[in-house]
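Comments concern the structure below.
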Amino acid sequence: MENKKDHSHVHGHTHKHRKSVINRLARIEGHIRSVKQMALDERDCPEILLQIAAIRKALDNTAKLVLTDHMETCLVDAVHEGNEDEVLKDIKKALHNFIR
């Protein structure tokens with residue numbers, strides 16, 4: 001079966017922090033696997049909770065970097081191209097979904 005992806009949100013510009021975001025997400029992925037193993041190994045609940053808190057902080061910091069990238073590239077480009085309303089709508093939606 002053909003793998004169809006929605007490319008409607010593919011950007012026409014480069015994000016300065018993309019590589020860092022990808023690296024952070026890879027580390028978080030590994031951290032999650034190790035915490036899953038801790039649960040399988042029946043490690044103490046406080047240890048697991050501490051690691052989950054560390055993962056949440058790492059995700060929040062990664063999200064801040066994505067937002068920084070968005071402001072530095074997408075928003076700036078939108079202003080230059082006259083698409084401010086659309087981008088502001090998108091950022092408001094993203095923030096609403098992220099900060100609940």
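Please treat every number below as a calculation from the coordinates, not as lab data. Please read these numbers as outputs of a predicted model, since none were measured by experiment. Every residue, glycine among them, receives a Cβ derived from its backbone with ideal geometry; neighbour counts consider all protein chains shown.
Going from the fewest other Cβ atoms within 10 Å to the most, the residues 77, 44, 69 appear in the order 44, 77, 69. Computed on the chain, with alpha-carbon pairs under 8 angstrom and 6+ residues apart, the relative contact order is 33 percent.
Report which label in (i) 61; (ii) 27; (iii) 52 holds the value of percent of Cα pairs over 21 Å apart derived from the coordinates of this structure. Answer label, from the structure shown: (iii). On the beta carbon distance between residue 68 and residue 32, with R0 = 22 Å, the FRET formula returns roughly 0.40. Roughly how tilted is helix 18-40, in degrees to the nearest 10 and between 0 and 90, from the longest Cα axis of the chain? The two axes meet at around 30 degrees. Annotation for the stretch 28-65: trypsin sites (Lys or Arg not before Pro) lying in DSSP loop with at most 13 further Cβ atoms inside 10 Å of their Cβ are 43.
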